Amino acid sequence: MLATLTTLLAQVQIREAGSGATTCQGKNEAFCPSYVIDNIDDYVSPVLEHLVLVLASVLAGFLVAMVLAVLSHGRRWLIPVFIGTTGVLYTIPSIALFLLLLPITGRGTETAIIALSLYNLQIIYRNANSGLANIPRSALDSGTGMGMTKRQLLWKVELPLALPEIIAGVRIATVSTVAIATLAIFAGAGGLGEILYNEGVQRGVFKTNIVFGSLLAVSLAIAFDGLLILVQRFAAPWRRARAL
Amino acid sequence: MAEGEGPVSAVLAIPAFLGSFGGAIDFIFSQRESVQAGEPIGGLSQIWDLLATQMAVSILALVLATAIALPLGVWLGHRGVGEFAAVAIGNAGRAIPELALIALMVAFIGTGVLNVTIAVTILGIPPILTNAFVGMRQVDRGAVDAARGMGMTELEVIRRVELPLAVPTIMGGVRTASVNIIATSTIGSIAGVKTLGDLILGQATYGTEGVIAGAIVVALLALAFELILAAVQKTLTPRGLVLQRAAARVSA
C-alpha cells in the first residue's frame, strides 16, 4: 500500500520535474511542502545564523544593560542619562542603524550584532532599572537589619527580587530581536532574511520561501518566548509558590 | 606603496570612515551620475522626493493606526474587558517581522502605495492598542470612583479623568508605533514604493554613499517624529501629573 503510494508519488514528481511550469514551485503556488522537504538543507544555515544573531545580541545587550543598571542604581542622576541615550538609539530604525554602522564596522555579522545589541540594551536596561527601583522598602530594611553590606544587599536581595522584571525585559528583547534580525540581511549578515529576501522576494517573489521564512521567524519567536517563560518560573520560585 | 602600510594606514582608517559619512552627506546635497548607467542620482531633489513619499505613507499610517487602535484600547481599558486579547495582540505585533509582512504582501496581495500603507498601519496598531489598554487600567481606581461620586457620566470619566492620567503610557505606545512605521515604510521600497529604502537597498545603483545617505535621512526622520511626539506628549500631560512625578523624584 505504502509502496504503491511512494511509486505513484515518484511518478508524479518525475512528470512534474519534466515540465517546469506545471510543478508546484514552477507555478509559484502559495506553499510547496515538497520543495521545502527536498531542499531542507538550504534552510539550516540561515536558521543557525539567525540563532547566532539573536543569542549573541541578547547576551551582549543583557550584560551591558545589567552593568548600566547596577551603576545607575546607586547614582540616580545617571538614570535619565542612560534612558535618554539608549532611547535615542532605539528610535533609529534598525535598517538605518545597520547601515550607519557600515563605514565603522563594515558589512557582516558583527555589524548586525552590534546594532541588535543596542536595541536589546534599551529594552533590558529599562526593565532592570524599574525592577531595581521597585524593591519594597521592607525587604531592604530586613536586609540591612540582618547586617548586610550594600554589596550583599544588591546580590542577595535587590537583584533576586528584580529578576522577574529583568527576565520580562529579556523576553521582550528576544522576541523583538527574532523579528528585527530578519533585516540583518541588508547589513550583509545572513539569517532568515536570506530566505525571505534573497531567496524569496529577489527570486521572482518565490512564495514558498516567503511563507516558510515567515513561519520559521514566528516559530522561533514563539519558541524563545516559551523557553523564557520557563526560565521566569524557575528564576522566581517564590512567585510560583504564591500563585499556588 | 610600502610607506602607505603599517601604522600609517591605521591612522588613515579614521579619516577614511569619516570620509564615507562625508561622501554620504555630499550625496544628500549634490547630484552625481549613478554607478551603472549615466542617470543622475542624489542631490536634494531626489532625497526630497523619497522623503516626501515616506513621510506621506508614515503620517497616514500613524494617523490610521491611532484612529483604529486608540478608541478600541481606551474603551476596552475603561471597561476592563479583553485584557488577554489586548496583551496578546501587543506581543504578537512584536513577533511579526516587518520584512516578512512586506514580503508576504508582495507575494499575495500586491505592491503599491495603498498596500504598503495598509501593511505599515497594521504594524502600528499593536503597541497603541496595548498601551492604551494598560494606560487606562493603571489609572488609580480611587480617582475613578471619586469622579463617579462627583456625578460624572462614563464618557466624562474617560475624557476628564482616565485619558489625561493615561497620556504618558498611551503616548509611549504611539512613539513605539512611530518607530515601527518609519522602519517598515523604509522597506516599503521592495514593494514598489519609492521611499528612502530605495537608497538603502540600492547599493548597485547608488553606491555605498547613497546607502549611507539613505540611512542618515531615515534616522533623522525617525528622530524628528520622536521629538514631535514627545512635544505632543508634553502638552497633553496634565500639569498635576508632572508635578506629582517631580515630587516623587525629589523624595526618592
With respect to residue A:109, determine if the residue is surrounded by 24 or more Cβ atoms within 10 Å (Cβ to Cβ) and among the β-branched types (Val, Ile, Thr).
no
Please tell me if residue B:218 is assigned to a helix (DSSP H, G or I) and more than 8 Å from chain A (Cβ to nearest Cβ).
no
Tally up the residues in the stretch A:102-113 that are in contact (Cβ under 8 Å) with a residue 60 or more places away in the chain and at the interface with chain B (Cβ under 9 Å from one of its Cβ atoms), please.
1
Among (1) under 22 Å from the mean Cα position of the chain (by Cα); (2) within 14 Å of chain A (Cβ to nearest Cβ); (3) in a helix (DSSP H, G or I), the one test that residue B:132 misses:
(2)
Would it be correct to say that residue A:209 is open to solvent by 20 Å² or more (accessible area, probe 1.4 Å), over 23 Å from residue A:232 (Cα atoms) and within 14 Å of chain B (Cβ to nearest Cβ)?
no
So the check is Cβ under 6 Å with 6+ separation or different chains; which pairs have a first residue in the stretch A:20-44 that's open to solvent by 50 Å² or more (accessible area, probe 1.4 Å) and a second one that's not in a helix (DSSP H, G or I)?
A:25/A:32
Pairs, please: C-beta under 6 Å, at least 6 apart or cross-chain, first residue free of Cβ contacts under 8 Å to residues at least 24 places away in the same chain and in the stretch A:69-83, second open to solvent by less than 60 Å² (accessible area, probe 1.4 Å) and of a type in the set (S, T, N, Q)?
A:78/A:72
Does the stretch A:173-204 hold any residues that are under 14 Å from residue B:183 (Cβ atoms) and touching a Pro at 6+ places or on another chain (Cβ under 9 Å), and which are they?
A:179, A:180, A:181, A:182, A:183, A:193
Scanning the stretch B:221-231 for residues that are touching a helix residue (DSSP H, G or I) at 6+ places or on another chain (Cβ under 8 Å) and more than 9 Å from every other protein chain (Cβ to nearest Cβ) gives B:229, B:230
Regarding the stretch B:95-102, can at least one residue be identified that is hydrophobic (A, V, I, L, M, F, W, C), more than 13 Å from chain A (Cβ to nearest Cβ) and either assigned to a helix (DSSP H, G or I) or surrounded by 15 or more Cβ atoms within 10 Å (Cβ to Cβ) (or both)?
no
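Check B:169, B:195, B:184 and return the single one that is within 27 Å of residue A:179 (Cα to Cα), hydroxyl-bearing (Ser, Thr, Tyr), more than 10 Å from every other protein chain (Cβ to nearest Cβ) and open to solvent by less than 30 Å² (accessible area, probe 1.4 Å). Working first, answer last.
Numbers: B:169 fails: open to solvent by less than 30 Å² (accessible area, probe 1.4 Å); B:184 fails: more than 10 Å from every other protein chain (Cβ to nearest Cβ).
Unique residue meeting the criteria: B:195.
The values are calculated or read from the model by the stated rules, or taken from the named source; none is laboratory data. Since the model is a prediction, treat every value here as computed from it, not as a measurement. Glycine also receives a Cβ, built like all others from the backbone with ideal geometry; neighbour counts cover every protein chain displayed. The protein model used for the area step is the full one, side chains on, heavy atoms only, and it has no ligands, DNA or RNA in it. Shrake-Rupley method; radii C 1.70, N 1.55, O 1.52, S 1.80 Å.
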